[in-house]
Amino acid sequence: MRRIGNPDRIVIIGGGISGLSSAFYLQREAERQGREIELTIVDGAPALGGKINTLQRDGFVIEKGPDSFLARKLAIIDLAVELGLENELTTTNPGAKKTYILHERKLHAMPPGLVLGVPTEIGPFVKTGLLSWGGKLRALLDLVLPARKEQSDESLGGFLERRVGNQVMRRIAEPLLAGIYAGDLKKLSLQATFPQFAASERKHGSLIRGMQYNRKAGAAPLPAVAKGGTFLTFKGGLTTLVNALDQALSKAERRLGTKVQEIKRNLDASGKPTAGYEVVLDSGETLQADRIVMTAPAYNAADLLEPLIDCQELRAVNYVSVANVVMAFDKATFGLDFDGSGFLVPRSEGLHITACTWTSSKWLHTSPSDRVLLRCYVGRSGQEESVKLPDAGLIKAVRRDIEETMGVKAEPLFTEITRLPRSMPQYPIGHLENMKKLRERVQQELPGVWITGAAFDGVGLPDCIRQGKEAAQAIFK
């Protein structure tokens, strides 16, 4: 594949965090191996960053896309250190550790000891008002129920229902875990989302015992910059990371505001496929590529690759549309003080919002001290209608929900709406095996092409960065 004496021409399709991290680590790996490369990043948006979008307004730091990442997932921390950003990292307010769940229109603090919705401290769990006594007893049956013998994948919701019962699954686990994917737990793959649950059942015969063991054993030690909280972000917002990557990739060509229209195989004189590809842009330009890194959403990737290869596995990954509504208030008129980071809303509550983050309480750097910042989430699998409401209707619906749940009647100083259509990939049962088959097929039939991103192995920012690094290693191995 490599053209002797010439740089490797690599086209990266997608300028989000998956594409940028792929480019960064390709550049690093090429330097390490003493290879010359020509990188070109193509994205239909006018700027790099994908869903990452930080707005600085009136002293507020407002995330219109993702707002943070898990501290225990070190890929993003490693990248921050490599970019010299470790001093820009910040964690959540230690005084706002409580999280609430709405049940029958009342906010209930999540009981201490819940780990990913699974109780590891029995005393606080049996006192919660989130569950009936029958629901609590059913959850504790997990301690005596036999483990499942089959090793095949199953749905996340089906697993939790089998181990700890329907009430824990619907009232605690779904609003907590589905918030990550905006998904229906009964349709999400267990192995692709929380494989540690299945491992706990196999090893300890009980989900609760397994999570108790994991909690006592503790995770691997975190670097100093990651200590002090479950979540991290950057003081100036997540765009800090995008800007640093942009600068680190100053030698890479950009084709922004233009989309890839077609990918063609290079052909020899007899019409047979040979090394390399042509990447045709809707601007009319054609890029020559020795290698391609595809980081576009599964549906876009399938559109481009299907003329060359079977992509049924990509078509099986559905996407959910979501929106978020950020509201700023004057603290003097807001009428409420927070003792936590926000609340989650189960499907059964029938509200438009799926969660509300008390942003100015959770992240002290995001708001002036005399202001309040709220971020409300809208949309999940099977409940996407609210996302399509016109701006005025969406704001009205969200304000009605926060008045009903928190009693907030104050008029916002301003409101920011972000709609993210088809943004949350849903991993179906058997997803990991499907993606393995697809990648093997691509490797055999499309040499020099690597497909990666949120549709494959994790939707969080650290997961996408890890996959970008893996893409670079796979291409240059």
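Throughout, read-outs are computed from the coordinates displayed, never taken from laboratory work. All values reported here derive from a predicted model rather than from experimental measurement. For neighbour counting, all protein chains shown are included, and Cβ atoms are generated from backbone atoms with ideal geometry for every residue, glycine included.
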Considering only the chain, percent of DSSP beta bridges that pair antiparallel, nearest 5: 70
Computed Rg/Rh of segment 179-328, alpha carbon atoms with Kirkwood Rh: 1.07
Likely footprinting exposure, His365, His431, fewest C-beta neighbours within 10 Å first: His365, His431
Centre separation in Å (Cα based) which lies between segment 121-153 and segment 4-68: 44
Residue-span extension gain [Thr274 to Glu253] - 0.36 nm each, minus C-alpha spacing: 5.1 nm
Separation of the Leu70 and Glu150 label points, Cα + 7 Å toward Cβ, nm: 2.6
Three semi-axes of the equivalent ellipsoid, segment 380-470, Cα gyration tensor, whole Å, largest first: 40, 14, 12
Residue exposure sequence - His204, His352 - by fewest surrounding Cβ within 10 Å: His204, His352
Identified option (computed Rg and Dmax of the Cα atoms in Å; candidates [x] 23.4, 77; [y] 23.3, 91; [z] 21.8, 78): [x]
Per DSSP, loop GluC sites (Glu not before Pro) in segment 122-198 with at most 15 further Cβ within 10 Å: Glu150
Share of pairwise Cα separations in segment 112-217, more than 17 Å, in percent: 48
Mean-position separation - Cα centroids, segment 174-194 and segment 280-350, in angstrom: 16
Extension gain, Leu267 back to Phe231 (0.36 nm per residue minus Cα-Cα distance, nm): 8.0 nm
Residue exposure sequence - Ser18, Ser321 - by fewest surrounding Cβ within 10 Å: Ser321, Ser18
